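Read through the structure below, which is laid out as structure tokens, and then see the notes.
The values are calculated or read from the model by the stated rules, or taken from the named source; none is laboratory data. Computed from a predicted structure; not experimentally measured. Note: ideal-geometry Cβ built from the backbone for every residue, glycine included; neighbour counts use all protein chains shown. What goes into the accessible areas is simple: the full protein's heavy atoms, side chains included, and nothing from ligands, DNA or RNA. Shrake-Rupley method; radii C 1.70, N 1.55, O 1.52, S 1.80 Å.
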2 protein chains.
Amino acid sequence: VAITIDPSELAKDFRLDVRARLTQLDRRLKLVGFLSTTQSPSKTYASYTKAGCDDVGIDFELIEVPKLELEAAIDQANSDPNVHGIIVYYPIFSSEHDRYIKDLVDHRKDIEGLHTYWAKKLYHNDRFVDAARTKKALLPCTPLAIVKLLAKARATLGFNTNDLRPLAGASVTVFNRSEVVGRPLAAMLANDGAEVYSFDVDGVLKFAGDAVEESKITRSAALKVSDIVVTGVPSREFELVSPAEIKAGAICLNFSTLRNFTADIGDRASVFIPRVGPMTVAMALRNTLRLYENYHA
Amino acid sequence: VAITIDPSELAKDFRLDVRARLTQLDRRLKLVGFLSTTQSPSKTYASYTKAGCDDVGIDFELIEVPKLELEAAIDQANSDPNVHGIIVYYPIFSSEHDRYIKDLVDHRKDIEGLHTYWAKKLYHNDRFVDAARTKKALLPCTPLAIVKLLAKARATLGFNTNDLRPLAGASVTVFNRSEVVGRPLAAMLANDGAEVYSFDVDGVLKFAGDAVEESKITRSAALKVSDIVVTGVPSREFELVSPAEIKAGAICLNFSTLRNFTADIGDRASVFIPRVGPMTVAMALRNTLRLYENYHA
């Protein structure tokens, strides 16, 4: 029967580390959150951000602002030297308009790593922001949370996860290729050495190293060889991944709000990670510290 | 009965002007187009770009590239000093992924004005790229084409269109608030002094000056007071705008590929502009020249 990893435990470890490093600083950091939507998941995420900030010792200010005043409010936070990090709770407008908003946040304060500046860094596997290669580039919170959870699972199984290419030789299947999670995740796993089959409604792409190519592999063939299976399909139409489909001993992780694995997946998986949320918040706090070190210290 | 304006005539005037200014340069400009889709409208747009370039004397190279190699191809064109302009034919991926591609094109070569750099300029009504305010900012092709066609229509009706705020006192209704046409268009018309009612499935926004606010105005109330009606609804569900709905003497323009006005709209409109296409291409050529003057000359 599979080990289940609770993301809140790993999140706590990361928060402890962030808290310890924050106490070394000569000032408290301030994070501003913008809430322009009445959607309940956004409010929940905001309250988790607040709790995380309280835990590590970051000042958090939640600003509720009508969506048509959001752009001006972001401009103000961008230019306020006392604001070190900005988080905006989406969705607000259409996905294209929201994409525009993401690029309005100064990338040096964009703790979620959603700015195109960071996406370009990731897709070019350019891991530093300075020529001297001392300041690390930011990675988007949810894919980063997944990578850390998978590393934890691999460590539990005895793999060496401190290698430069910790996923060399591993095959991964990811169901989801959104711009916010699935595509950056596939690129990050490939940068770490994995061969990644990325499934979405438009078809299958294979990420390996720097290369991305179209693939004809079927779901069953991909699952049969995958050491790691990641799901993020927010649809009840999705056929749940079952034990019979996966490789024995595979690590299975679901980041969708819906169940994407059958309840008995643990009969064949080695590790099951049912959710990611608390780790996403921990990574946002960690990113806040990194941005401060890179740009404001 | 309304005057009908054929955009190809105005486009010809603009091309003549661009051609004359290009002959003053000490070199020929080169525009590169990337075609990564087999969709027919993109191929058509590419062939129109070619014809326009031939007409004004710009070298045009159409590069057909598999979509997964597009990013590397754009990088190459960005860094090639012999390439002065880049045009990418969309759609290619999902709208969010395409938004990422738009920001990969160096904004100094982005002749369509789709880069977030240009969007920010527009939405902040910042009309220049240099501190000395000698180099004009770029505007996106299709909204710019519409603004020019509306100015032509207004001139035909005897309005002074050379004013700093040529649309002061005018009311406009726009059906479409896409990030590519409707929203930038509403901002441009408001920057020119108009009061703009912007309709889409999410509701109505009113743009006036720098302000944008939610509005409860109904379609019929907006149409009744609008001196200009612009439609761009790519759906057969849209109730066609009819003469009974509009203000007598209104200027009507449709940029959708579908008909959005009833066939008898000219019974009450003063000017009808049934399409925009040729002017979009002319504006892309004009933008190529402007980018060269701003950044490469």
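Can you give the % of DSSP beta bridges in the protein assembly as shown that are antiparallel, to the nearest 5? Please list the in-between numbers first.
Details: 24 of 84 bridges.
Within the protein assembly as shown, antiparallel bridges account for around 30 percent of the total.
Determine, from the Cβ-Cβ distance of B:Arg19 and A:Ser242 and an R0 of 60 Å, the FRET efficiency 1/(1 + (r/R0)^6), rounded to the nearest 0.05.
Values: r = 65 Å, r/R0 = 1.09.
Approximately 0.35, to the nearest 0.05.
Heavy atoms of the protein chains alone define the surface here; on that basis the stretch A:1-112 has 47 Å² accessible area per residue at 1.4 Å probe size.
Extending 7 Å from the Cα toward the beta-carbon at both A:Arg133 and A:Lys43 defines two label points whose distance is 4.9 nm.
Take chain B, mark every one of the GluC sites (Glu not before Pro) that falls in a DSSP loop and has at most 16 other Cβ within 10 Å, then report the longest stretch left between them, sites excluded. Can you show the working numbers first?
Details: sites that count: B:Glu237, B:Glu239.
With a cap of 16 other Cβ atoms within 10 Å, the longest stretch comes to B:1-236.
For chain B, the relative contact order is 21 percent, taking Cα pairs closer than 8 Å that sit 6 or more residues apart in sequence and dividing their mean separation by the residue count. Accessible area buried by the pairing of B and A, both sides summed with a 1.4 Å probe, works out to roughly 2300 Å². Which of the listed residues, A:Pro140, A:Phe272, A:Gly158, is farthest toward the dipole's positive end in chain A, when Lys, Arg count +1 and Asp, Glu count -1 at the beta-carbon? After comparing all options, I get A:Gly158.
Taking the chain by itself as reference, the stretch B:56-71 contains these residues with an accessible-area loss of 10 Å² or more in the full protein complex (1.4 Å probe, heavy atoms): B:Lys67, B:Leu68, B:Glu71.
Each stretch of four or more DSSP H residues adds -39500 (n - 2.57); spread over every residue of chain A, this sum gives -11500 deg cm²/dmol at 222 nm.
By DSSP, the beta bridges lying fully in chain B are antiparallel in about 30 percent of cases. Sparsely packed loop sites in the stretch A:10-56 (the trypsin sites (Lys or Arg not before Pro) outside DSSP H, G, I, E and B with at most 16 other Cβ atoms within 10 Å) comprise A:Arg27, A:Arg28.
Taking Cα pairs under 8 Å and at least six residues apart, what relative contact order does the stretch A:174-248 come out at, in percent? The normalised contact order for the stretch A:174-248 reaches 26 percent. For the stretch A:81-97, heavy-atom accessible area (probe 1.4 Å) falls by no less than 20 Å² from the chain alone to the full protein assembly at A:Ser95, A:Glu96, A:His97. Here's the list of lysines a cross-link from B:Lys224 could span, going by alpha-carbon distance under 17 Å and ignoring same-chain residues fewer than 8 apart: B:Lys206, B:Lys216, B:Lys247. Screening chain A for DSSP H helices whose Cα atoms reach 18 Å or more along their own axis and whose mean Kyte hydropathy is at least 0.0 gives A:141-156, A:277-291.
May I ask you to give the percent of accessible area on the stretch A:24-97 that is carbon plus sulfur, with a probe radius of 1.4 Å? Mind dumping the intermediate values first?
Values: 1760 of 3590 Å².
Accessible surface attributable to carbon and sulfur in the stretch A:24-97 totals 49 percent.
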